[in-house]
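The values are calculated or read from the model by the stated rules, or taken from the named source; none is laboratory data. As the structure is a prediction and not an experimental result, all values here were calculated from the model. Positions of Cβ are generated from backbone atoms using ideal geometry, with glycine treated the same way; all protein chains shown enter the neighbour counts.
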Amino acid sequence: MAHSPSSKEFLTAVDQLMKKSLDFGCAAMVVSVGYDIIMDDPHGGWNLQPSIFEEIGQILTQASMPLCLVQEGGYLYCSI
C-alpha cells in the first residue's frame, strides 16, 4: 500500500507546487479537486480530514493567478 501523507506533508507539497509553478511562469492553473484524499472515501486510500480543503484553498488563493477547480469523474454505485 502506498504511503498516506500526513496533512502537514500534503499541505507542504501543495505549497511547494504552487511556488514552483509561479517560478516557472505559469499564468493559470487547472486543479483537480480530488475528494478521494479524505478518510473513509470508498475509492481512496488516504486518511486526511475534510477540513484540509480549507487550508488547500488558502494556499491556492495566494497564487495570484487564474485558477479553474475541476471536480472530475464521479462514483458509480450499483446494486445487483
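Would you point out the residue of the range 29-62, among those that are at pLDDT 90 or above and acidic (Asp, Glu), that is surrounded by the most Cβ atoms within 10 Å (Cβ to Cβ)?
Glu55
Could you run through the range 51-70 and say how many residues are out of contact with any strand residue (DSSP E or B) (no Cβ under 7 Å at 6 or more places or on another chain) and within 25 Å of Met39 (Cβ to Cβ)?
Here the count works out to 10.
Name the single residue that is modelled with the lowest pLDDT among those in the range 67-76 being exposed (fewer than 10 other Cβ atoms within 10 Å of the Cβ) and under 22 Å from Leu17 (Cα atoms).
Of the residues in the range 67-76, the ones exposed (fewer than 10 other Cβ atoms within 10 Å of the Cβ) are 68, 71-72, 74-76.
From what's left, under 22 Å from Leu17 (Cα atoms): 68, 71-72.
Details: Cys68: 94, Gln71: 86, Glu72: 75.
Going through the qualifying residues, I end up with Glu72.
Tell me, which residue of the range 18-71 that is of a type in the set (Asp, Glu) and under 24 Å from Ser6 (Cα atoms) is farthest from the chain's Cα centre (by Cα)?
At the first step, the residues of the range 18-71 found to be of a type in the set (Asp, Glu) are 23, 36, 40-41, 54-55.
Checking which are under 24 Å from Ser6 (Cα atoms) leaves us with 36, 40-41, 54-55.
Numbers: Asp36: 9, Asp40: 16, Asp41: 14, Glu54: 11, Glu55: 10 Å.
This residue is Asp40.
Counting only residues that are of a type in the set (Ser, Thr, Tyr) and not in a helix (DSSP H, G or I), how many does the range 38-63 have?
1
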